[in-house]
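One structure is given below, encoded as structure tokens.
The values are calculated or read from the model by the stated rules, or taken from the named source; none is laboratory data. Bear in mind the structure is a predicted one, so any value in this text is a computation, not a measurement. All Cβ positions, glycine included, derive from the backbone under ideal geometry; neighbour counts span all protein chains shown.
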Amino acid sequence: MVKVEVIKFYPFELPGKRGGLVGYADVKIGELIVIKTVKLMKNRYGGYYVQMPSVQLGDRSYEVVEVISKELLEEIRRKVREIYEERFKI
């Protein structure tokens, strides 16, 4: 598995809101690529998931980056969530 590293995390949590955007992360995949503005989202049940960068065209949103490997996507989610939890003592 390729090494996943969170380079920077930008918190963005609205007080009193149960779910939604928690923050943005810049994620380095191995020594090959950096994906900027990966969103860490919190669902209303307290779980976390990531959304890859997207662009809005008209009334539709299109992902700019698509991670095909489920294992890699899970590793990105885990690393981003860990950084968030470590820094904000969740």
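Which of the residues belonging to segment 31-48 are at pLDDT below 95, in contact with a Lys or Arg (Cβ under 6 Å, 6 or more places away or on another chain) and surrounded by fewer than 14 Cβ atoms within 10 Å (Cβ to Cβ)?
Of everything in segment 31-48, just one residue is at pLDDT below 95, in contact with a Lys or Arg (Cβ under 6 Å, 6 or more places away or on another chain) and surrounded by fewer than 14 Cβ atoms within 10 Å (Cβ to Cβ), namely Arg44.
I want to confirm something. Restricting to segment 24-66 and keeping residues that are in contact with a helix residue (DSSP H, G or I) (Cβ under 9 Å, 6 or more places away or on another chain) and of a type in the set (A, V, I, L, M), which single residue is farthest from Phe12 (Cα to Cα)?
That would be Ile29.
Go through segment 54-83 and count every residue that is farther than 14 Å from Lys28 by Cα and over 9 Å from the mean Cα position of the chain (by Cα). Break it down into steps so the answer makes sense when it comes.
Within segment 54-83, the first condition is being farther than 14 Å from Lys28 by Cα, and the residues that meet it are 54-64, 66, 68-71, 74, 81-82.
If we keep only those that are over 9 Å from the mean Cα position of the chain (by Cα) as well, we get 54-64, 66, 68-71, 74, 82.
Number of matching residues: 18.
Here is a list of conditions, (1) in a loop (DSSP other than H, G, I, E, B); (2) exposed (fewer than 10 other Cβ atoms within 10 Å of the Cβ), and Gln56 meets all of them except one; can you say which number that is?
So Gln56 meets the others, but not (1).
Can you tell which of Val2, Val6 is over 11 Å from the mean Cα position of the chain (by Cα) and surrounded by 13 or more Cβ atoms within 10 Å (Cβ to Cβ)?
Details: Val6 fails: over 11 Å from the mean Cα position of the chain (by Cα).
After applying the criteria, what remains is Val2.
Select from segment 67-89 the residues that are assigned to a loop (DSSP other than H, G, I, E, B) and surrounded by fewer than 11 Cβ atoms within 10 Å (Cβ to Cβ) and write down the one among them that is modelled with the lowest pLDDT.
Lys89
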